[in-house]
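The values are calculated or read from the model by the stated rules, or taken from the named source; none is laboratory data. This is a predicted model, so every value here is computed, not measured. Here the Cβ positions follow ideal geometry from the backbone for every residue, glycine too, while neighbour counts run over all protein chains shown. Note: accessible area is taken over every heavy atom of the protein model, side chains too, but ligands, DNA and RNA are not part of it. Shrake-Rupley method; radii C 1.70, N 1.55, O 1.52, S 1.80 Å.
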Amino acid sequence: MVIFKLIKKIRIKKRRKEIAENATETLKEFKAGKAKRGNFSDLKADLLDKK
């Protein structure tokens, strides 16, 4: 039982690290003008305009 808790904690820690790395990369892209802010409606409108 203890081993399962340990494995779960390791997986959570790994996922948190992945999320932090993704957030850092997204912020870089946003600052460089390669990413946009918005909601689903904004995304949909942007995608439909480019077709």
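Return a yes/no flag: does the stretch 43-50 have any residue that is surrounded by fewer than 10 Cβ atoms within 10 Å (Cβ to Cβ), acidic (Asp, Glu) and part of a helix (DSSP H, G or I). For the stretch 43-50, residues surrounded by fewer than 10 Cβ atoms within 10 Å (Cβ to Cβ), acidic (Asp, Glu) and part of a helix (DSSP H, G or I): present. Residues in the stretch 16-42 that are surrounded by 10 or more Cβ atoms within 10 Å (Cβ to Cβ), among the basic types (Lys, Arg) and modelled with pLDDT under 95: Lys36 alone.
So is Lys13 in a loop (DSSP other than H, G, I, E, B), open to solvent by 90 Å² or more (accessible area, probe 1.4 Å) and either without any contact (Cβ under 8 Å) to a residue 60 or more places away in the chain or of a type in the set (D, E, K, R) (or both) or not?
Working: in a loop (DSSP other than H, G, I, E, B): no; open to solvent by 90 Å² or more (accessible area, probe 1.4 Å): yes; either without any contact (Cβ under 8 Å) to a residue 60 or more places away in the chain or of a type in the set (D, E, K, R) (or both): yes.
Against the criterion (in a loop (DSSP other than H, G, I, E, B), open to solvent by 90 Å² or more (accessible area, probe 1.4 Å) and either without any contact (Cβ under 8 Å) to a residue 60 or more places away in the chain or of a type in the set (D, E, K, R) (or both)), Lys13 does not qualify.
Within the stretch 16-42, restricting attention to residues that are assigned to a helix (DSSP H, G or I) and of a type in the set (A, V, I, L, M, F, W, C), the residue that is farthest from the chain's Cα centre (by Cα) is Phe40.
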